[in-house]
Amino acid sequence: MSNKKYKKDVEKQKTNNKTNYVKLSEEEINKKIKSRNNINKNRLYYYLFGAFLIIAVVAIICIMVFSKDLTSVIDVITFITTLTGVVSVYVEYRKNKALSLTNNLITIYSDFNDIETNRQIQYKLEVLKRRDVNLFTNDDITAIRIYLKFFEGIAPMFINNVVSFKKINSILGYRFYLIMNNPYIQDLEIIPNAGSYKGCITMHYLWNQWSKKHNFVRSGDKFSLEKRFNDYYNYIEL
């Protein structure tokens, strides 16, 4: 589903947040979540399956009625066979698509871990979060940007619904929020250079909505970016 329905609400927030952040009401959040999730991505499969059952029933009736006409019976059987083939091809397509998506997610996870500086930054973020000990130095700024740019690079896949947050949440959700909701990183890099992280901010916004929809509570939410960045909504691009 397209995110166009979000644009009106985001534009409203941009106006309201020129000077002060205005928190979205639960009703507004629920409306946006509903508008984003009201289309089942698998409904085409169910439509095809339902159509197949209906046509199969009609075909059986036709066979019973026109059983004396061999040509009609053959035509009906041929039609059923063709339809079955179409449904089978579609089901196989769905399986292959799911397998391809799984492979892509594994690749994304591997790409993140293959970057040594990402592992180093993650460790320092965890120490800062759990023990309130800041191990960051001025030399870490480049590594911090690499970490953020990784998510900036994959953000379009989620913003454009190529990959769902459900699929990626357990793989990269922790690592994404670990940096996006860290007040030190926010003040050091994200907020001063928000124009370079529009993808991250947009993904953060959409991921928040998904998390609230599914009652997914994240530790550190008290430092969530939208609570500390007055111009948060000005950098959301849907």
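A compact table of results
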{"read-out": "Pick from segment 114-158, criterion in a loop (DSSP other than H, G, I, E, B) and open to solvent by 40 Å² or more (accessible area, probe 1.4 Å), ranking: nearest to residue 193 (Cα to Cα)", "value": "137"}
{"read-out": "Any hit, segment 183-203, residues being of a type in the set (Gly, Ala, Ser), farther than 15 Å from residue 128 by Cβ and within 11 Å of the chain's Cα centre (by Cα)", "value": "no"}
{"read-out": "Subset of segment 186-200 [open to solvent by less than 10 Å² (accessible area, probe 1.4 Å), out of contact with any Asp or Glu (no Cβ under 8 Å at 6 or more places or on another chain) and not hydrophobic (A, V, I, L, M, F, W, C)]", "value": "186, 189"}
{"read-out": "Criterion: within 20 Å of residue 110 (Cα to Cα) and not hydroxyl-bearing (Ser, Thr, Tyr) - qualifying residue of 166, 212, 227", "value": "166"}
{"read-out": "Scope segment 178-194; condition part of a helix (DSSP H, G or I) and over 18 Å from residue 146 (Cβ atoms); matching residues", "value": "183, 187"}
{"read-out": "Residue that is modelled with the lowest pLDDT, among those in segment 225-238 that are closer than 19 Å to residue 158 by Cα and not in a helix (DSSP H, G or I)", "value": "238"}
{"read-out": "Some residue of segment 201-224 being open to solvent by 50 Å² or more (accessible area, probe 1.4 Å), part of a helix (DSSP H, G or I) and hydrophobic (A, V, I, L, M, F, W, C)", "value": "yes"}
{"read-out": "Single condition residue 161 does not satisfy, out of (1) open to solvent by 70 Å² or more (accessible area, probe 1.4 Å); (2) not aliphatic (A, V, I, L, M); (3) not in a helix (DSSP H, G or I)", "value": "(1)"}
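The values are calculated or read from the model by the stated rules, or taken from the named source; none is laboratory data. Quantities reported herein were computed from a predicted structural model and do not represent experimental measurements. Heads up, the Cβs are rebuilt from the backbone with ideal geometry, glycines too, and the neighbour counts pull from every protein chain shown. Accessible surface areas use protein heavy atoms only, side chains included; no ligands, DNA or RNA. Shrake-Rupley method; radii C 1.70, N 1.55, O 1.52, S 1.80 Å.
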